[in-house]
Amino acid sequence: MDTILDVFFEKVFSQLPRGALVSRYKRAELSDYFGTVIVGCVGAEQVTAQEAVARAVCAALRYHAATRDANGGVCLKGKFHDILYVVAKLAYDWELRDGHTVARLLRDLHSCEDTFERLIVGAIVGTRVSHLLSGWKSEFADREENLQAVEFFLAHADEQRLVFREARHGGQGARGAHAQDPAEWPTGTLGLGQAVPARALQDRRLADVPMRACGGLTAAAMALDVGRIDTLSLLMRHGATIHFPERESADDSRATPADVLLGKLLDFRERRPGEPYPEEVLGCLRLLLRAVPSAADSALLRHCPDVILALATDDGSPLVPPSRLGVTPPELKHQARCAVRRCLYLAWNLPHGIQALNVPHVLRRYLDLELD
């Protein structure tokens with residue numbers, strides 16, 4: 001099989017125009033070809049489907065590395081780079097379990113682009129809108145499939161303990177993501193409840209790599225901003241960072257993730273008094289408050305505390321519990337949740353390690369941000 005694929009890249013693929021894989025249907029055709037080769041080799045060479053898929057992905061990685069190295073270590077882009085997205089879709093479609101191979105793929109994508117927005121942004125805004133943002137038509141049929149793919153790649157990145165170093169001066173990121181020491185955990189406003197300036201980040205996990213075409217937002221920040229509860233839930237369950245690079249000033253009226261959501265609620269109340277608050281904003285706020293110890297650092301709370309504390313649901317109960325705004329101490333149970341999630345994050349066991357804890361099922365759901 002390796003010979004067939006190497007000959008294909010040397011004799012056939014190398015003759016294709018540089019922009020041969022710009023169109024999504026062309027990439028889909030090539031993925032179908034690889035699928036045919038995989039099925040044929042499984043029957044003829046007595047290899048498993050998993051082994052055959054891993055070999056196909058590795059053949060593409062070898063070709064990409066060879067052309068990059070021949071160009072002085074700089075990716076040639078075009079078809080030479082786009083082939084990585086073909087095999088990324090292939091790995092997802094076949095549910096490749098070889099974490100080492102998937103890690104190599106993610107390293108190569110990041111080393112050339114310094115971002116993963118092409119893999120992730122479709123899970124937030126949909127695969128059609130993502131084309132307008134990044135100029136790239138997603139490999140995935142719809143937002144739901146893209147979200148499943150994000151979960152697939154997150155799981156492999158966590159299993160391999162991958163972190164990715166940002167390029168300091170633009171251009172290509174540093175070659176080779178590396179495994180992270182548990183003590184070197186990232187900072188920022190995290191889905192595990194820690195908040196410090198995010199600009200101190202240098203090494204980031206997959207979910208925290210900024211999306212360049214989206215103003216440097218992290219995926220979780222963009223999902224929160226547009227109200228995608230399912231995407232935000234997936235990312236925060238993995239401990240993702242919510243980072244708004246243009247809102248880092250402490251004087252910004254929407255400096256924290258809680259401020260973004262509270263500001264949306266205040267704007268809605270002003271424009272549509274008496275109407276129910278939008279569920280997508282409320283859902284994101286509930287999820288955020290489950291993940292952080294407190295929203296007491298809210299700039300809006302500092303500037304207009306009476307207005308924030310007066311926000312209420314239809315039955316008159318506070319929209320944000322006083323214990324989450326620093327008015328009263330947070331519940332011990334909630335503080336314990338944040339502490340346990342941080343420990344699991346440091347051990348690369350978030351969220352899958354929650355299910356291994358010897359605690360009642362309802363507490364596992366609580367730790368996994370499913371319950372208030």
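The values are calculated or read from the model by the stated rules, or taken from the named source; none is laboratory data. This one's a predicted model, so the numbers in the text were calculated from it and none came from an experiment. Cβ sites come from the backbone with ideal geometry, for glycine too, and all protein chains shown count toward neighbours. With ligands, DNA and RNA removed, areas are computed over all heavy atoms of the protein, side chains included. Shrake-Rupley method; radii C 1.70, N 1.55, O 1.52, S 1.80 Å.
Explain nothing, just the number: relative contact order of the chain, from Cα pairs under 8 Å at least 6 residues apart, as a whole percent.
On the way: 535 pairs, mean separation 42.5, N = 372.
Rounded, it is 11 percent for the chain.
Inter-label distance, R271 to E51: 5.9 nm, where each label sits 7 Å from its Cα along the C-beta direction.
Per residue, the accessible area of the chain comes to 44 Å² when a 1.4 Å probe rolls over the protein heavy atoms.
Computed from the Kirkwood radius of its Cα pairs, the Stokes-Einstein diffusion coefficient for the chain at 37 °C and 0.692 mPa s stands at 149 µm²/s. GNM remark for the chain: springs join alpha carbons under 10 Å apart, and the peak mean-square fluctuation among V121, V57, V362 falls on V362.
Evaluated with a Cβ-only charge set (Lys, Arg +1; Asp, Glu -1), the chain carries a dipole of roughly 520 debye about its Cα centre, given to the nearest 20.
For the chain, the carbon plus sulfur part of the accessible surface works out to 53%, probe radius 1.4 Å. With unit charges on the beta carbon (Lys/Arg positive, Asp/Glu negative), name the residue among S134, L162, S111 whose Cα is farthest towards the positive pole of the charge dipole of the chain. Farthest towards the positive pole: S111. Under 22 Å of direct C-alpha separation, and excluding same-chain neighbours fewer than eight residues apart, K137 reaches these lysines: K26, K77, K79, K89.
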